[in-house]
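> Pasting in a structure now, in structure tokens, and then I'll have a few things to ask.
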Amino acid sequence: MSSLSLTSCSLSRRRFLKVSSSLTALGVAGAMLPMGMGRAFAAGEAGEVLSGSHFGVFYGKVEDGRLASVRPWEKDPHPAEMLDGVQDIVYSASRIRYPMVRRAYLEKGPQAERDSRGAGDFVRVSWDQALDLVAKEIKRLEDEEGPWALYTGSYGWRSAGRMNPQAMLQRLFNLMGGSVSSSSNYSKAGIEAIMPYVMGMIEAEGPQTTFKTVNEHSDLVVFWAVDPVNNNRISNTIPSHDEWNWIDELKAANKKTVFLNPVKVESCNDLNGEWIAIRPQSDVALALGLCHTLLSEDLYDKDFIADYTYGFEQFADYLMGKGSDGVEKTAEWASEITEIPADDIRDLAHRMVAGRTMIVSGWSTQRQHHGEQFPWALVTLASMIGQIGLPGGGFSQRYHLDACGAPVTNGPSIGSPISAGKRKETKEWPEEKGAQIIPVARVVDMLEKPGESYEHNGGTHLYPDVKMTYWVGGNPFHHHQDRNRMRKAWKKFETVVVQDIEWTASARFADIVLPAATTAERNDIEMVSPTCRKALLAMKKIIDPVFESRSDYDIFSALADKLGIGQEFSEGKSEMDRIKEVYEAAKAQAAGKKVEMPEFDAFWEQGILEFEVPEKNRDYVKHAEFREDPLINMLPTPTGKIEIYSKPIEKMGYTEDCPPHPTWIEPMEWLGQKDKTYPLHVNSAHPKYRLHSQLAGTKVREQYTVAGREPCLINTKDAEKRGIANGDIVRVFNGRGQVLAGAVVTDEIRPGVVRLWEGGWYDPEDVSDDNTICKYGDVNVLTPDIGTSRLAQGTSAATCMAEVEKFKGEAPAVTVFDAPKDAA
Ligand code: PGD
């Protein structure tokens, strides 16, 4: 092993090429190690360090102690356009440089002048002073109130790497006696809640039928509300970008692809796919119309339904108008709702059963009011087609993130270096003090309604009365809906601590702001594409922390010391000790599979360890075993089958918002609504050039802003009607709020729909005004804050109507990317 230690920082490119060519000559092409061993690649030039980010594996070049530039790892098949932002974020104007405290808070203490939060009046303080303030407030509330007064539901996608600051936060508070935390996420709460009832598992997790199998066997690939090319640029860990190979091969294979989407997305253009411009939020109706066609024309797979599913009769009655609504879900019925001609719906149903069909969905359709219904309807349609468990057939709910269709290697999974542990029961937690865990997207409900009850997934709970929050690695002033309502509710917090790397709106609306180091400034470890375990990466520190920033682990360790729990928190372990522990556990796991991994020091020097793909994994087909023998390999549902009807959901009695079989229920607002107040649907897709709100504070912004603001896609006809031209500043507004944006006039969006990416930083013009305009384009000023249903209580961000007009007069300057006064 040691003879092949290709050090990322010490080996010159020329020498690497020489070494690798002699290895090739020796028959170990690609620096491959003996069978069963990980392969090491790291070909950095002098002064370069290999590391990783949400945007890919990269080399960081150091000059005079500064991170001067980054370039992608040579084995990345499609480096992301925004990788430069990983360098720029370190020094950008929006970087948090020093610990800062809101002036009124510093002078008058917790609760002071909460109306002025967000106005930018901060005072620079020392680390000692800042951590003293945080420790004092945690102790005060733990003593005077109890753990139910502290909210650490701190959600967010933080940075890539296993040193998870949210686990550190939980650990610290658990050692202090506990806090209120959160469950699920803003990403896939709906699908995550419904799928265990339908398939007995969260389908969107774990390996999917391999891309190779799809390329070889599918005749038709239906991309339903998903844009894999766009979303695969990023990952919540480190992307391998292997999906791009799939897309290229799919294109080369000239497969027929259909895109059901209100927007003609990048993947549709790349694959030269057929675009069916469905009306937003009508996908359940389309799925029902397709199911009705298969049923009424006797085209569905009766054997599959009989052998592998439960509850089809009740669903069939509903389709045929024998349910309580008495409406038959014909193609004509679906056409009225979806605005897709009935003949096209029938034709699509016919095409779906004519050959092998893979239906691929994303998660946007479950991030909407009654979002649990679409994933369920999709599984039901795939069951009627009858190809689940066959190569290239069935459905996948995760081809858009983390290369889940790549084959799984022989590598180990990797654990967590830091555990949140259990709550130390310093105080009893009486039931009347409320839930210890709330559904994450219900945070504003919790602030508005302490002591009130709410329903969630069959249970009834009380909202606790929280007084303080500590947010790390997340940006609630981007990810949460209905910003103006949220701003008002946020005032209930007596103390808000934000630990971040950038002056996001969340940091601006905090009382105490703690500067965290970026991953370029600390060590970490991460699996590249963890689902398929592509490679283990030593995420090496490239430079020392800049300004006064500190690593999250340093910050929490110092805070733990102040709270008198330093030893318990750190267990005397450094960051590197924990990284090593995780590696050793992975190494032991790999050894159990007869895969040899090098000693830690050799791995750390090599930088990256790739694993081999066992031949059998290349043709993996999800649910093949279930199909093979549904009795021996039954699904973990009550009946062991795919549940088209769910008795456990029936028992919950959520008749209006989550009935026991896939059902069309009108969302609270949508294009088909009678007497709607606003005429345009607002699509808030995930952005092309950043991860949620990350990198918005960098020069990457120059690649996409229009008139210095977030781009707002609008159809040519809608723009003409409103006198809007390409590049104009527009005002997008509804009863919840208003934002400025830059118009992009195009025919690649359906009439009646506008699109603003999620993640634009919130930039209020005047924080004293409850309906102030956001000068930059945060779409969540417009979106409603309601749960998907009582089942998941997820976000309904994709349910949103608004109006757009050309902005008249002089537009206020965007200021959110400059540090607050005195913070530069
Ligand atoms: P990010 O921009 O990733 O958004 O919401 P999320 O809060 O995850 O925020 C992460 C924050 O962590 C950033 O402020 C970043 O600077 C900070 N950070 C990064 N690395 C570190 C670190 O090492 N240490 C510390 N202390 N901080 C760090 C995302 C959420 O938004 C998600 S997952 C989804 S899927 C939702 N999607 C939508 C949507 O589709 N439409 C709308 N309208 N709204 C959405 N909101 C949700």
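The values are calculated or read from the model by the stated rules, or taken from the named source; none is laboratory data. Keep in mind the model is a prediction, meaning the values are calculated, not measured. Cβ atoms come from the backbone with ideal geometry, glycine included; neighbour counts cover every protein chain shown. SASA here: full protein model, heavy atoms, side chains in, ligands and nucleic acids out. Shrake-Rupley method; radii C 1.70, N 1.55, O 1.52, S 1.80 Å.
> Which is farthest toward the positive dipole end of the chain among LEU172, SER126, THR795, measuring Cα position about the Cα centre, with Cβ charges +1 (Lys, Arg) and -1 (Asp, Glu)?
Value computed over the given set: SER126.
> Probe 1.4 Å, all protein chains in place: accessible area of ILE414 in Å², nearest 10?
Its heavy atoms expose roughly 20 Å² to the probe.
> GLU615 versus LYS424, label points 7 Å from Cα toward the beta carbon: distance in nm?
5.6 nm
> Let's test the formula: R0 of 60 Å, r as the Cβ-Cβ distance of GLU332 and ASP143. What FRET efficiency results, to the nearest 0.05? Can you show the working numbers first?
Details: r = 66 Å, r/R0 = 1.10.
With a Förster radius of 60 Å, E is 0.35.
> Counting heavy atoms of the protein chains only and a 1.4 Å probe, report the per residue accessible area for region 357-428 as a whole number of Å².
On the way: 1650 Å² over 72 residues.
Dividing the accessible area of region 357-428 by its residue count gives 23 Å².
> Would you mind counting up the charge near ALA823? Only other residues with Cβ under 13 Å from its Cβ, with Lys and Arg at +1 and Asp and Glu at -1.
With Lys, Arg at +1 and Asp, Glu at -1, the net is +1.
> OK, next. Points 7 angstrom from Cα along the Cβ direction at MET576 and ASP298: gap in nanometres?
7.5 nm
> Just reorder LYS433, LYS136 by solvent-accessible area, largest first, 1.4 Å probe, all chains present.
Details: LYS433 80, LYS136 145 Å².
These residues rank, largest area first, as LYS136, LYS433.
> In the neighborhood of ALA306, defined by Cβ-to-Cβ distances under 14 Å, what is the net charge if each Lys or Arg adds +1 and each Asp or Glu adds -1?
Working: positive: LYS302, ARG627, LYS641; negative: ASP301, ASP303, ASP307, GLU313.
Charge balance in the 14 Å sphere: -1.
> Would you calculate a helix-derived [θ] at 222 nm for the chain, using -39,500 (n - 2.57) for each DSSP H run of n ≥ 4 and dividing by the full residue count, to the nearest 500? Walk me through the intermediate numbers first.
On the way: 27 runs with 237 residues, N = 824.
That comes out to -8000 deg cm²/dmol.
> Which net charge results when you count Lys and Arg as +1 and Asp and Glu as -1 among the other residues whose beta-carbon is under 11 Å from that of ASN174?
With Lys, Arg at +1 and Asp, Glu at -1, the neighbours total +2.
> Something else: Just how much of TRP664 is accessible, in Å², when a 1.4 Å probe is used and the result is rounded to the nearest 10?
50 Å²
> Determine which residues of region 359-383 fall in the zone a paramagnetic label at GLU216 would reach in this model, i.e. backbone nitrogen under 20 Å from the point 7 Å along Cα→Cβ.
It comes to 359, nothing else.
> Return the percentage of antiparallel bridges among DSSP beta bridges fully within the chain, rounded to the nearest 5 %. Provide the component values of the computation, followed by the final result.
Details: 52 of 98 bridges.
That works out to approximately 55 percent antiparallel.
> If you don't mind, another one. Please give the per residue accessible area of region 680-806, computed with a probe of 1.4 Å over protein heavy atoms only, in Å².
Values: 3590 Å² over 127 residues.
Result: 28 Å² of accessible area for each residue.
> Now for a different question. Tell me the carbon and sulfur percent of the accessible area for the chain, rounded to whole percent, probe radius 1.4 Å. Display every interim value, and only then the final one.
Details: 13650 of 28590 Å².
Roughly 48 percent of what the probe reaches on the chain is carbon or sulfur.
> Post the alpha-carbon centroid distance, region 521-572 to region 704-744, in whole angstrom.
41 Å
> Using only the heavy atoms of the protein chains and a 1.4 Å probe, how would SER69, SER768 rank by accessible area, largest first? Working shown, then result.
Working: SER69 50, SER768 90 Å².
Greatest to least solvent exposure: SER768, SER69.
> Now for a different question. Nearest 0.05, what FRET efficiency do ASP769 and ASP344 give at R0 = 41 Å with Cβ-Cβ as r? Could the numbers behind the result be given before it?
Numbers: r = 47 Å, r/R0 = 1.15.
Result of the calculation: an efficiency of 0.30.
> Same structure, new question: Please give the contour-minus-distance gain from THR716 to LYS449: 0.36 nm per residue of separation, less the Cα-Cα distance, rounded to one decimal in nm. Working shown, then result.
On the way: separation 267, 0.36 × 267 = 96.12 nm, distance 4.37 nm.
Gain in length upon complete extension: 91.8 nm.
> Heavy atoms only, probe 1.4 angstrom, no DNA, RNA or ligands counted: give me ILE278, ILE501 ranked by accessible area, highest first.
Working: ILE278 0, ILE501 30 Å².
So, going from the largest accessible area down, we get ILE501, ILE278.
> Counting only the heavy atoms of the protein chains, how much of ARG346 is accessible to a 1.4 Å probe, in Å² to the nearest 10?
60 Å²
> When the Cα centres of region 332-405 and region 800-824 are compared, how far apart do they sit, in Å?
Spelled out, the Cα-based centre of one part sits 39 Å from the other.
> Residue by residue, what Karplus-based ³J(HN,Hα) values in Hz, rounded to whole numbers, does region 605-610 have, using 6.51, -1.76 and 1.60 with θ = phi - 60° and x for Gly and Pro?
Values per residue, Gly and Pro as x: 6, 5, x, 8, 10, 8 Hz.
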